[in-house]
Amino acid sequence: MATIAAETEEGSHGARRRRAFRLSPSAISYLQATPLIAILGFFFLLPIAMIAVVSFWDYDFAGLYPDFLTMNYTDTLGSWVTWKTYLNTLKFTAIVWALTLVIGFWVAYFLAFHIRKTSTQMILFLICTVPFMTSNIIRMISWIPVLGRNGLVNSTLIEMGVIPQPIEWLLYSDFAVVLAMVHLYTLFMVTPIFNTLMRIDRSLFEAARDAGASGWQVLWNVVIPLAKPGMAIGTIFVVTLVMADFSTVQVMSGGQSASVALMMKNQMSLLQYPAAAANAVVLLAVVLLMVAAILRVVDIRKEL
């Protein structure tokens with residue numbers, strides 16, 4: 001009996017120890033997320049922190065000097081050239097966002113509601129992605145022989161007698177920058193909107209029509225409100241991409257337009273890394289404020 005009691009007591013102690021070392025569900029969740037947190041911390045948070053630190057350093061033509069100066073921020077925020085560059089960047093962002101939203105919504109609407117067979121939808125969607133199998137630079141440069149002074153558009157219009165001489169503003173202008181950006185980034189608006197539209201219950205359309213709603217009323221009161229999360233995700237993609245684009249502005253404007261990213265690229269070319277870092281921090285803050293404003297208006301958690 002004493003042996004049995006001792007074994008029972010030892011078993012109860014072992015059970016208590018196992019209970020003591022058992023992790024809670026929240027602790028297990030954090031433990032499972034540890035690899036992702038480590039990767040994001042090393043490849044995302046650490047570089048941003050380094051940029052923020054360098055933005056306070058001093059520099060000259062010879063090198064960088066660790067310090068804590070606000071000179072780079074005062075030069076950035078106190079210059080009218082910088083403010084004008086930011087306004088120009090925001091102009092490009094607003095125009096490209098509006099055009100990609102309209103084009104992307106109607107392409108996604110056509111694929112989701114006017115194509116009945118799923119296989120056909122997928123084929124047409126893949127056709128939309130074909131241009132993305134090449135690099136952005138190649139797709140951007142491909143507009144030069146089309147829009148140039150002796151390009152395809154001008155040559156065709158002259159031969160048809162529509163214009164007497166080539167149109168100069170088709171290339172190396174803000175028009176060319178916007179056109180190239182719309183071409184590059186429309187798919188980033190099509191994809192999330194298409195994904196959202198495919199989730200809409202089709203019985204809602206039948207209920208709206210039974211209630212006497214016209215096609216435009218169904219679109220305005222049913223489709224668009226339910227598509228807002230996809231529009232918000234596409235907007236975040238397009239806004240962040242346009243704000244960070246410098247190659248399109250440089251090539252398609254012929255150096256006649258400026259953007260914040262292009263300004264930072266020029267500063268880095270001149271080895272002015274702290275000034276470029278300060279501009280990067282300010283640009284990041286502007287983009288985060290824009291994304292926060294979008295998230296305040298539209299709840300995208302259902303799409304994630």
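When you count the other C-beta atoms within 10 angstrom of each residue and take the mean per peptide, 199-208, 52-61, 227-236 line up highest first as 227-236, 52-61, 199-208. Among the listed values (1) 0.94; (2) 1.15; (3) 1.02, the one matching Rg/Rh (Cα atoms, Kirkwood Rh) as calculated from this structure is (2).
With respect to the chain, whose longest principal axis is taken over its alpha-carbon atoms, helix 174-185 is tilted by about 40°. Our helix-only sum for the chain, with -39,500 (n - 2.57) per DSSP H run of n ≥ 4 divided by its residues, gives a mean residue ellipticity at 222 nm of -21500 deg cm²/dmol. Shown is the FRET efficiency for Phe61 and Val81, computed with R0 = 25 Å from the Cβ-Cβ distance and rounded to the nearest 0.05: 0.75. Couplings 3J(HN,Hα) for the range 97-111, derived from phi with the Karplus relation 6.51 cos²θ - 1.76 cosθ + 1.60 (θ = phi - 60°), are 4, 4, 5, 5, 5, 5, 5, x, 5, 6, 5, 5, 5, 5, 5 Hz, where x marks Gly and Pro.
The fraction of Cα-Cα pairs per 10 angstrom bin, counted from 0 for the range 84-189, comes to 13, 32, 32, 20, 3 percent, rounded to whole percents.
Axis of helix 260-269 versus longest Cα principal axis of the chain: the two differ by about 90°, to the nearest ten degrees. Roughly how far apart, in whole Å, are the Cα centres of the range 43-68 and the range 72-93? Going from one Cα centre to the other spans 20 Å. Relative to the longest principal axis of the Cα atoms of the chain, the long axis of helix 187-198 lies at roughly 60 degrees. In percent, rounded to a whole number, the relative contact order of the range 80-303 is 26, using alpha-carbon pairs under 8 Å and six or more apart.
Subtracting the Cα-Cα distance of Ile224 and Ser24 from 0.36 nm times their residue separation leaves 67.7 nm of extension gain. The count of lysine pairs in the chain with alpha-carbon distances below 25 Å, taking only pairs 8 or more places apart or on different chains, stands at 5.
Readers should treat all values here as calculations from the given coordinates under stated rules, not as data from a laboratory. These figures come from a predicted structure and were not determined experimentally. All Cβ positions, even for glycine, are placed from backbone atoms using ideal geometry, and neighbour counts span all protein chains on display.
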